[in-house]
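See below for the structure under consideration.
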Amino acid sequence: MAEAQREVRGVSLYERRVGSGPPVVVLHGGPGASHDYLRPGFDLLAERRTLVYYDQRGGGRSSVARDVPVGWQEHVADLDALREQWGQERLAICGYSWGGLLAMLYAVTHPTRVERLALVSPAPAWRECCSAAPWWSTWARPTPPIHVRWRRVCTRQASRCSMRRSPVRG
């Protein structure tokens, strides 16, 4: 296990690496949380991969002053700056909850920089669902072009693979 504080775009982000093999960036839920709650379960996946956790700006060990912006655009830009620091052309990303939404937003903002994308119970990414959650409007809700681009990404990916339903077994 390796730990570090990385200076990225004027903020200090805490990073922890676990395992060995190709890296997978794990984006935690929140916003404002730490990645620690994911470790007991996710660390089991670190046998063949290096899991790269980092506390997003404003969360966990990556605290920021009150006047520092913490909207989704900043989080996406932070992830891309980290990608550059790590020397990675493309990222394998696993996002949980809020981190799943950030992973989707990163994928539509930087589609050529995503190698793989795994979403675990992602936060809502469509306008109808976002407007149904009043707390969501206090955070930077994705703009309509992001929604349109995400639908295009999903449609392209779905058309590339055969999606079959398996019978539910009781």
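Taken about its Cα centre, the range 1-126 carries a charge dipole of about 160 debye when Lys and Arg each add +1 at the Cβ and Asp and Glu each add -1 at the Cβ.
Packing, as the average of other Cβ atoms within 10 Å across residues, places the peptides 89-96, 7-14 in the order 89-96, 7-14, highest first.
Take the range 3-71, drop everything but the C-alpha atoms, weight them equally and run the Debye formula without solvent; then report log10 I(q)/I(0) at 0.14, 0.16, 0.23, 0.25 Å⁻¹ to two decimals. Cα-only, vacuum Debye calculation for the range 3-71: -0.42, -0.53, -0.96, -1.07. Computed extension length for Gln85-Arg116: 9.3 nm, one decimal, from 0.36 nm per residue of separation with the Cα-Cα distance subtracted.
Computed on the Cα atoms alone, the convex hull of the range 1-116 gives a volume of 90 cubic angstrom per residue. A simple rule links phi to the HN-Hα coupling: the Karplus curve 6.51 cos²θ - 1.76 cosθ + 1.60 with θ = phi - 60°, which for the range 24-40 gives 10, 7, 9, 9, 7, x, x, x, x, 8, 9, 7, 3, 5, 7, 4, x Hz, with x for Gly and Pro.
Every read-out reported here was derived from the displayed coordinates using simple, explicitly stated rules and does not represent laboratory data. As the structure is a computational prediction, the values presented were derived from the model and not from experiment. Methodologically, a virtual Cβ is constructed for each residue, glycine included, from the backbone with ideal geometry; neighbour enumeration extends over all protein chains shown.
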